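Following: one structure in structure tokens, then a few remarks.
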Amino acid sequence: MMGPLKNRYCGKNIQTPTFLEKGINFLIQGENMHQEAVSYQVGGFKMKGYLAYDNASAAKRPAIVIAHAWKGLGEFECEKARQLANLGYVAFAADVFGGGKTAESDEEAGALMLPLFIDRKTLRERIRAAVEAVKQYAVVDPDKVGAIGFCFGGLTVIELLRSGADIVGAVSFHGVLGDTLGGNKAHIEPLAKEIKGALLILHGYEDPLVPPGHIVAIQKELNDANVDWQMDIYGHTSHAFTNPALKDYEQGLVYNEKSSQRAWRSMRNFFEEIF
């Protein structure tokens, strides 16, 4: 039986008033780093994201939205936001599940993720809402917004791109690439008439969640749609290869330091080019 779903927020409870009101500078060292809890609405759901940027300057800069993996927005995504903030971006870790929900077990994660894996229309609406939320900040150049995602989040940012959202580009780290997963079939939404952004897919050759047919299919889809796309495939690399906490050889969820570093460099080069 599925246990209670938690509400976590980068190591803190997002519902704690003192955190919402005063919770800046508790995670990032450096007096110029701004961070805050961000509430925004989509489809009747209250979403709870996390924003980080260097406030030493008030100049507008590119923003990067981060889509979380299948267990929800947690410390992993917040750390990626901090890293992006240190690179000079406004980083916004989005809440795709709503209410800041996260899962402790695989069973809970599946209960949160699968409805959105199947319902791509709602998935697109939720990640597009995060893009619109970050564009409202005065330090964000609204013409220079990108997105990255990990695992389920990789699929999420691909759907964001497919929707025709006004973004410059997206990066999928070990993302789910197909329309089937564990016997579940997604309700595929049509491609937008115009795909506006570029796409970088960073994939492990030994990823058990992405059969070769899914790779061929998405490559053809992107090419036929005239998308500016590229794909890096890392040998001897499984699913979730960027997460140092994972070492599950049975399920093929294994951190690979070399591939993780290579993927991050590829992402940096990608955004430097398109921004």
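Derivation of every value follows stated rules applied to the coordinates shown; laboratory data play no part. In this text, all values refer to a predicted model and were calculated from it rather than measured experimentally. FYI the Cβ positions are ideal-geometry reconstructions off the backbone, even for glycines, and counts take in every protein chain you see.
Quick one: Glu107, Glu250, Glu189, fewest Cβ neighbours within 10 Å first, how do they rank? List each step's numbers first, then the result.
Working: Glu107 11, Glu250 6, Glu189 15.
Placing the least packed residue first, the sequence is Glu250, Glu107, Glu189.
Can you tell me the Rg and Dmax of the stretch 162-201, counting just the alpha carbons, in angstroms?
Values for the stretch 162-201 (Cα only, Rg and Dmax): 12.0, 33 Å.
In deg cm²/dmol, rounded to 500, what helix-only [θ] at 222 nm does the chain give when every DSSP H run of at least 4 residues adds -39500 (n - 2.57) and the total is split over its residues? Display every interim value, and only then the final one.
Details: 7 runs with 89 residues, N = 275.
Using -39500 (n - 2.57) per qualifying helix, the result is -10000 deg cm²/dmol.
Report the label-to-label distance for Glu250 and Lys220 in nanometres (one decimal), using points 7 Å from each Cα along the Cα→Cβ vector.
Result: 3.6 nm between the two label points.
How would Cys151, Cys78 line up from fewest to most surrounding beta-carbon atoms within 10 angstrom? Walk me through the numbers on the way to the answer.
On the way: Cys151 26, Cys78 23.
Fewest-to-most Cβ neighbours within 10 Å comes out as Cys78, Cys151.
Please compute the contact order of the chain in relative form: average sequence separation of alpha-carbon pairs under 8 Å and at least six residues apart, divided by the residue count, as a percent. Each step should come with its number before you reach the end.
Values: 595 pairs, mean separation 38.9, N = 275.
Once normalised by length, the contact order is 14 percent.
Give the peptides 155-163, 49-57 in descending order of average Cβ contacts within 10 Å, highest first.
On the way: 155-163: 26.6, 49-57: 20.7.
Ranked by mean Cβ neighbours within 10 Å, highest first: 155-163, 49-57.
Mind giving me the nanometre distance, one decimal, between the label points for Asp228 and Lys258, set 7 Å out from Cα along Cα→Cβ?
Here the answer is 3.1 nm between the modelled labels.
Taking a cut-off of 20 Å between Cα atoms, list the aspartates and glutamates near Lys247, but don't count ones fewer than 8 places away on the same chain.
Glu75, Glu77, Glu79, Glu104, Asp106, Glu107, Glu108, Glu206, Asp207, Glu257
Of Gly100, Gly74, Gly88, which has the largest mean-square fluctuation in a 10 Å C-alpha GNM of the chain?
Highest fluctuation of the listed residues: Gly88.
Could you list log10 I(q)/I(0) for the chain at q = 0.09, 0.10 Å⁻¹, which the Debye formula gives when each Cα is one point scatterer?
After summing over all Cα pairs, the log10 values are -0.37, -0.46.
Work out the FRET efficiency for Glu272 and Ala192 from their Cβ-Cβ distance, taking R0 = 30 Å, and round it to the nearest 0.05.
That pair, Glu272 with Ala192, gives E of 0.70.
Provide the gained length on full extension for the span Asp119 to Asp143, in nm with one decimal, where the gain is 0.36 nm per separating residue minus the Cα-Cα distance.
Between Asp119 and Asp143, full extension yields an extra 5.8 nm.
Regarding the stretch 187-252, what are the three Cα extents along the principal axes, ordered largest first, in Å?
Here the spans come out as 41, 23, 19 Å, largest first.
Based on other C-beta atoms within 10 Å, arrange His203, His174, His187, His214 from fewest to most.
The most exposed by this proxy come first: His187, His214, His203, His174.
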